[in-house]
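The values are calculated or read from the model by the stated rules, or taken from the named source; none is laboratory data. Model, not experiment: these values are computed from the prediction. Counting neighbours? That spans all protein chains shown, and the Cβs are built from the backbone with ideal geometry, glycine included.
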Amino acid sequence: MEQSIENMGWKTAALLLARFIMAALFAMGLAGKVVMSGMMAAEIAKAGFPFPMLLNWLAALFELGMVLAFLTGAFFREANILGAIYVVFLAFAFHFVSHWTDAEGLNFGAFVSHFPMAAGMLFAAAHGPGRVLTLKWGWLK
(Lines give C-alpha, C1' and ligand atoms only; values in the text may rest on other atoms or scores of the structure.)
Protein backbone atom coordinates (compact mmCIF):
# COMPACT_ATOMS: atom_id res chain seq x y z
CA MET A 1 0.00 0.00 0.00
CA GLU A 2 1.16 3.50 -0.75
CA GLN A 3 1.77 5.49 2.40
CA SER A 4 3.89 8.33 1.08
CA ILE A 5 3.45 11.80 2.51
CA GLU A 6 2.14 13.11 -0.83
CA ASN A 7 -0.80 10.71 -0.82
CA MET A 8 -1.89 11.14 2.77
CA GLY A 9 -3.19 14.71 2.49
CA TRP A 10 -5.84 14.10 -0.14
CA LYS A 11 -6.97 10.85 1.50
CA THR A 12 -7.43 12.58 4.84
CA ALA A 13 -9.30 15.45 3.18
CA ALA A 14 -11.51 13.02 1.25
CA LEU A 15 -12.36 11.04 4.40
CA LEU A 16 -13.20 14.16 6.39
CA LEU A 17 -15.31 15.56 3.55
CA ALA A 18 -17.15 12.24 3.15
CA ARG A 19 -17.82 12.08 6.89
CA PHE A 20 -19.13 15.65 6.86
CA ILE A 21 -21.40 14.97 3.87
CA MET A 22 -22.87 11.86 5.50
CA ALA A 23 -23.35 13.74 8.77
CA ALA A 24 -25.15 16.49 6.84
CA LEU A 25 -27.47 13.96 5.16
CA PHE A 26 -28.46 12.46 8.50
CA ALA A 27 -28.75 15.94 10.04
CA MET A 28 -31.26 16.87 7.32
CA GLY A 29 -33.27 13.74 8.07
CA LEU A 30 -33.10 14.54 11.78
CA ALA A 31 -34.23 18.12 11.17
CA GLY A 32 -37.23 16.89 9.19
CA LYS A 33 -38.24 14.55 11.97
CA VAL A 34 -37.95 17.33 14.57
CA VAL A 35 -39.48 20.22 12.61
CA MET A 36 -42.16 18.23 10.78
CA SER A 37 -42.79 15.49 13.34
CA GLY A 38 -46.52 15.41 12.65
CA MET A 39 -46.06 15.00 8.92
CA MET A 40 -43.35 12.37 9.40
CA ALA A 41 -45.53 10.45 11.86
CA ALA A 42 -48.37 10.56 9.31
CA GLU A 43 -46.09 9.01 6.68
CA ILE A 44 -45.04 6.31 9.15
CA ALA A 45 -48.71 5.59 9.93
CA LYS A 46 -49.56 5.55 6.20
CA ALA A 47 -46.89 2.87 5.73
CA GLY A 48 -48.75 0.75 8.28
CA PHE A 49 -46.50 1.02 11.31
CA PRO A 50 -47.97 1.33 14.82
CA PHE A 51 -47.06 4.14 17.23
CA PRO A 52 -45.96 6.52 14.45
CA MET A 53 -44.98 9.46 16.67
CA LEU A 54 -42.87 7.22 18.90
CA LEU A 55 -41.20 5.70 15.84
CA ASN A 56 -40.55 9.18 14.46
CA TRP A 57 -38.73 10.22 17.64
CA LEU A 58 -36.81 6.93 17.83
CA ALA A 59 -35.69 7.46 14.23
CA ALA A 60 -34.68 11.02 15.15
CA LEU A 61 -32.55 9.71 18.02
CA PHE A 62 -30.97 7.14 15.74
CA GLU A 63 -30.18 9.81 13.16
CA LEU A 64 -28.68 12.03 15.87
CA GLY A 65 -26.43 9.11 16.78
CA MET A 66 -25.43 8.78 13.13
CA VAL A 67 -24.57 12.48 12.95
CA LEU A 68 -22.41 12.19 16.07
CA ALA A 69 -20.70 9.04 14.79
CA PHE A 70 -19.80 10.71 11.49
CA LEU A 71 -18.59 13.93 13.10
CA THR A 72 -16.56 12.31 15.88
CA GLY A 73 -15.63 8.93 14.46
CA ALA A 74 -16.85 7.31 17.68
CA PHE A 75 -18.46 3.89 17.12
CA PHE A 76 -17.99 4.63 13.43
CA ARG A 77 -17.93 1.08 12.14
CA GLU A 78 -20.89 -0.01 14.26
CA ALA A 79 -22.91 3.05 13.28
CA ASN A 80 -22.26 2.51 9.59
CA ILE A 81 -23.35 -1.12 9.72
CA LEU A 82 -26.55 -0.16 11.54
CA GLY A 83 -27.01 2.82 9.22
CA ALA A 84 -26.76 0.61 6.12
CA ILE A 85 -29.45 -1.68 7.53
CA TYR A 86 -31.57 1.38 8.41
CA VAL A 87 -31.45 2.96 4.94
CA VAL A 88 -32.24 -0.34 3.19
CA PHE A 89 -35.18 -0.78 5.58
CA LEU A 90 -36.35 2.75 4.73
CA ALA A 91 -36.11 2.00 1.01
CA PHE A 92 -38.39 -1.01 1.29
CA ALA A 93 -40.75 0.42 3.92
CA PHE A 94 -41.39 3.81 2.32
CA HIS A 95 -40.31 3.71 -1.35
CA PHE A 96 -40.89 0.17 -2.67
CA VAL A 97 -43.08 -0.95 -5.59
CA SER A 98 -46.41 0.06 -4.05
CA HIS A 99 -45.18 3.68 -4.04
CA TRP A 100 -43.99 3.71 -7.66
CA THR A 101 -47.27 5.10 -8.97
CA ASP A 102 -46.26 8.77 -8.66
CA ALA A 103 -46.20 10.43 -12.08
CA GLU A 104 -42.69 11.86 -11.67
CA GLY A 105 -41.14 8.55 -10.62
CA LEU A 106 -39.66 10.12 -7.50
CA ASN A 107 -40.33 7.13 -5.26
CA PHE A 108 -38.51 4.79 -7.63
CA GLY A 109 -35.56 7.17 -7.59
CA ALA A 110 -35.73 7.43 -3.81
CA PHE A 111 -35.85 3.63 -3.54
CA VAL A 112 -32.82 3.15 -5.76
CA SER A 113 -30.82 5.95 -4.11
CA HIS A 114 -30.83 4.19 -0.75
CA PHE A 115 -28.65 1.34 -2.02
CA PRO A 116 -25.55 3.33 -3.02
CA MET A 117 -25.79 5.05 0.36
CA ALA A 118 -25.93 1.66 2.09
CA ALA A 119 -22.98 0.45 0.01
CA GLY A 120 -20.97 3.55 0.92
CA MET A 121 -21.75 3.02 4.58
CA LEU A 122 -20.60 -0.61 4.41
CA PHE A 123 -17.41 0.59 2.70
CA ALA A 124 -16.95 3.14 5.49
CA ALA A 125 -17.54 0.44 8.11
CA ALA A 126 -14.88 -1.75 6.52
CA HIS A 127 -12.27 1.01 6.22
CA GLY A 128 -12.98 3.10 9.31
CA PRO A 129 -13.12 6.85 9.95
CA GLY A 130 -9.47 7.64 9.25
CA ARG A 131 -6.88 8.97 11.68
CA VAL A 132 -7.77 12.65 11.90
CA LEU A 133 -10.53 14.08 14.12
CA THR A 134 -11.47 10.60 15.26
CA LEU A 135 -12.38 9.34 18.70
CA LYS A 136 -11.08 5.79 18.98
CA TRP A 137 -14.26 4.47 20.62
CA GLY A 138 -16.03 1.36 19.40
CA TRP A 139 -16.05 -2.40 19.60
CA LEU A 140 -15.17 -3.22 15.99
CA LYS A 141 -11.63 -2.70 14.75
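At-a-glance table
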| quantity | calculated |
| --- | --- |
| Qualifying residues in region 46-60 (those that are in contact (Cβ under 8 Å) with a residue 24 or more places away in the chain and closer than 30 Å to W137 by Cβ) - the one surrounded by the fewest Cβ atoms within 10 Å (Cβ to Cβ) | W57 |
| F111 buried (at least 17 other Cβ atoms within 10 Å of the Cβ) and over 28 Å from K11 (Cα atoms) | yes |
| Residue, modelled with the lowest pLDDT, within region 90-99, restricted to residues that are among the aromatic types (F, W, Y) and more than 15 Å from G29 (Cα to Cα) | F96 |
| All positions within region 87-141 that are touching a Gly at 6+ places or on another chain (Cβ under 6 Å) and assigned to a helix (DSSP H, G or I) | M121 |
| Condition broken by P116, with the remaining ones in (1) surrounded by 12 or more Cβ atoms within 10 Å (Cβ to Cβ); (2) under 19 Å from the mean Cα position of the chain (by Cα); (3) under 27 Å from T12 (Cβ atoms) satisfied | (1) |
| Residue among E43, E78, E63 that alone is out of contact with any His (no Cβ under 8 Å at 6 or more places or on another chain), farther than 23 Å from A110 by Cα and in contact (Cβ under 8 Å) with a residue 24 or more places away in the chain | E78 |
| Some residue of region 100-123 being touching a Lys or Arg at 6+ places or on another chain (Cβ under 9 Å), more than 23 Å from M39 (Cα to Cα) and at pLDDT 95 or above | no |
| Which numbered condition I44 fails, given (1) more than 18 Å from H114 (Cα to Cα); (2) touching a Leu at 6+ places or on another chain (Cβ under 7 Å); (3) in a helix (DSSP H, G or I) | (1) |
| Selected residue (criterion: surrounded by the most Cβ atoms within 10 Å (Cβ to Cβ)) from residues of region 61-79 that are in contact with a Pro (Cβ under 9 Å, 6 or more places away or on another chain) and not in a helix (DSSP H, G or I) | G73 |
| Selection count, region 12-45, where residues are surrounded by fewer than 18 Cβ atoms within 10 Å (Cβ to Cβ) and either of a type outside the set (G, A, S) or over 17 Å from the mean Cα position of the chain (by Cα) (or both) | 18 |
